[in-house]
Amino acid sequence: MSTPRHFLDLDRLPATTLRAILESAKAMKRAGRNGSTTLAGRTLALIFEKPSTRTRVSFEVAMRQLGGGSVVLDAQGSHLGVRETIADTARVLGCYVDAIMLRTDKPQKLDDMAAAGAVPVINGLTDATHPCQLMADVMTYEERKGTLKGATVAWCGDGNNVAASWIHAAERFGFTLRLAVPEALRPDPARIRWATERGAKVSLHTDPKEAVSGADCVATDTWVSMGNNDAERRMRLLTPYRVDAALMRLAKPDALFLHCLPAHRGEEVTDEVLDGPQSAVWDEAENRLHTEKAILAWCINGTRPDA
Ligand code: CP
Ligand code: NVA
């Protein structure tokens, strides 16, 4: 039996595979929504141990547009990891579906599901990373401004799961990443080491102005991620990192603003920036659909785009 093609994290797939998936996403976007039989007769199970709007709807619509279908399980409505081991659930689901997307807290749960070897497993966000989001972010940047290779992205805010996938992306796609994050909320140093040891330009900053100065893109995310229970402390630490019009003015005049959404208006970003001409957040949300179609086609169908 061959090993399923999992989409677990950007650092676990070759850059050539990620590039091929992105090019396939762009082609799928051009092809439009109807008539595809790419995943006809195939089914995706979506398991949510945390809430979601974009990830749930974009994956469900992606399967539908590719001719397949989906089944959604939530934490309350399934036995996952409580009354049944994750590996056993994976084996059972593998009898019914062709791939599993899991949104959960501990990354180990994704690994346990993948190790069961039943069907491809896709990371729909964990406490540690959010790789599907970054595929949409890279696509959005490239649509608006051409290649990300050699560009500079400034991340301002929490060193969270989305920031971690930005670090992976900086190495895989060859751009400079400046992380403006308070010391107490910095990303795992091992993740930054992983990127810099491979030649990636990833730097840490405490001053957001320094990070944003001359950048091609400014990105941020909520200050209080799902599962964080220290909101007050985070608000205090992160207030100086808010992306407002004055901070955006320090970036290049045509710099893009990205945010994975949901946004907390007036906290990590002001209305003026989120709704302003440099914001690409709605395209970014739409591109979740196109990149997920490409990820699903790669995971479920036999062809390796980089083979
Ligand atoms: N960006 C993102 O993953 O959004 P949801 O939490 O709504 O899925
Ligand atoms: N960092 C956020 C991302 C939501 C898409 C969270 O984990 O809640």
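The values are calculated or read from the model by the stated rules, or taken from the named source; none is laboratory data. Just so it is clear, the model here is predicted, and its values are computed rather than measured. Every residue, glycine as well, gets a Cβ built from its backbone with ideal geometry; the counts of neighbours run over all protein chains shown.
Among the residues of the range 124-151, the ones that are more than 26 Å from Arg265 (Cβ to Cβ) and away from ligand 1 (no atom under 16 Å from the Cβ) come to 7 in all. Within the range 136-152, can you find the residues that are β-branched (Val, Ile, Thr) and outside any loop (DSSP other than H, G, I, E, B)? Listed by number, the residues that qualify are Val138, Thr140, Thr152. Selection over the range 94-116 of residues that are in a loop (DSSP other than H, G, I, E, B) and either within 16 Å of ligand 1 (Cβ to nearest atom) or touching a helix residue (DSSP H, G or I) at 6+ places or on another chain (Cβ under 8 Å) (or both) gives a count of 4.
Determine whether the range 213-221 contains at least one residue that is closer than 23 Å to Arg103 by Cα, of a type in the set (A, V, I, L, M) and either in contact (Cβ under 8 Å) with a residue 40 or more places away in the chain or more than 16 Å from ligand 1 (Cβ to nearest atom) (or both). Yes: the range 213-221 contains one or more residues that are closer than 23 Å to Arg103 by Cα, of a type in the set (A, V, I, L, M) and either in contact (Cβ under 8 Å) with a residue 40 or more places away in the chain or more than 16 Å from ligand 1 (Cβ to nearest atom) (or both). Of everything listed in (1) touching a residue at least 24 places away in the same chain (Cβ under 8 Å); (2) touching a strand residue (DSSP E or B) at 6+ places or on another chain (Cβ under 8 Å), the single unmet condition for Thr196 is (1).
I'd like the full set of residues that are basic (Lys, Arg) and over 19 Å from Pro14 (Cα atoms), limited to the range 151-206. Those that are basic (Lys, Arg) and over 19 Å from Pro14 (Cα atoms): Arg178, Arg186. If the condition is being out of contact with any helix residue (DSSP H, G or I) (no Cβ under 6 Å at 6 or more places or on another chain), in a loop (DSSP other than H, G, I, E, B) and over 12 Å from Lys50 (Cβ atoms), then the range 117-131 contributes only Gly117. The listed residues are Arg5, Arg33, Arg103, and the only one of them that is basic (Lys, Arg) and surrounded by 22 or more Cβ atoms within 10 Å (Cβ to Cβ) turns out to be Arg103. For the range 50-67, the criterion of being more than 27 Å from Gly227 (Cβ to Cβ), surrounded by fewer than 24 Cβ atoms within 10 Å (Cβ to Cβ) and at pLDDT below 95 is satisfied by no residue at all.
In the set (1) within 16 Å of ligand 1 (Cβ to nearest atom); (2) in a helix (DSSP H, G or I), Trp155 fails one condition alone, (2).
All conditions in (1) away from ligand 2 (no atom under 16 Å from the Cβ); (2) at pLDDT 95 or above hold for Ala118, with the sole exception of (2). Taken as a whole, the condition of being in contact with a Ser or Thr (Cβ under 6 Å, 6 or more places away or on another chain), small (Gly, Ala, Ser) and either within 16 Å of ligand 1 (Cβ to nearest atom) or under 19 Å from Ala136 (Cβ atoms) (or both) applies to Ala294. Going by the structure shown, is Gly227 on the phi > 0 side of the Ramachandran plot, within 15 Å of ligand 2 (Cβ to nearest atom) and either at pLDDT below 95 or surrounded by fewer than 17 Cβ atoms within 10 Å (Cβ to Cβ) (or both)? Yes; evaluated as a whole, the condition is true for this residue. Out of curiosity, is Ser203 surrounded by fewer than 22 Cβ atoms within 10 Å (Cβ to Cβ), touching a residue at least 12 places away in the same chain (Cβ under 8 Å) and either part of a helix (DSSP H, G or I) or not acidic (Asp, Glu) (or both)? So Ser203 passes the test. Scanning the range 106-125 for residues that are aliphatic (A, V, I, L, M) and touching a Ser or Thr at 6+ places or on another chain (Cβ under 7 Å), we see that the one that is surrounded by the most Cβ atoms within 10 Å (Cβ to Cβ) is Leu125.
When Glu84 is tested against (1) touching a residue at least 40 places away in the same chain (Cβ under 8 Å); (2) surrounded by fewer than 19 Cβ atoms within 10 Å (Cβ to Cβ); (3) among the acidic types (Asp, Glu); (4) more than 16 Å from ligand 1 (Cβ to nearest atom), only condition (1) is not met. With respect to Ala180, is the statement that it is crowded, with 17+ Cβ neighbours inside 10 Å, more than 12 Å from Ala219 (Cα to Cα), among the aliphatic types (A, V, I, L, M) and in contact with a Pro (Cβ under 6 Å, 6 or more places away or on another chain) true? The answer is no for Ala180.
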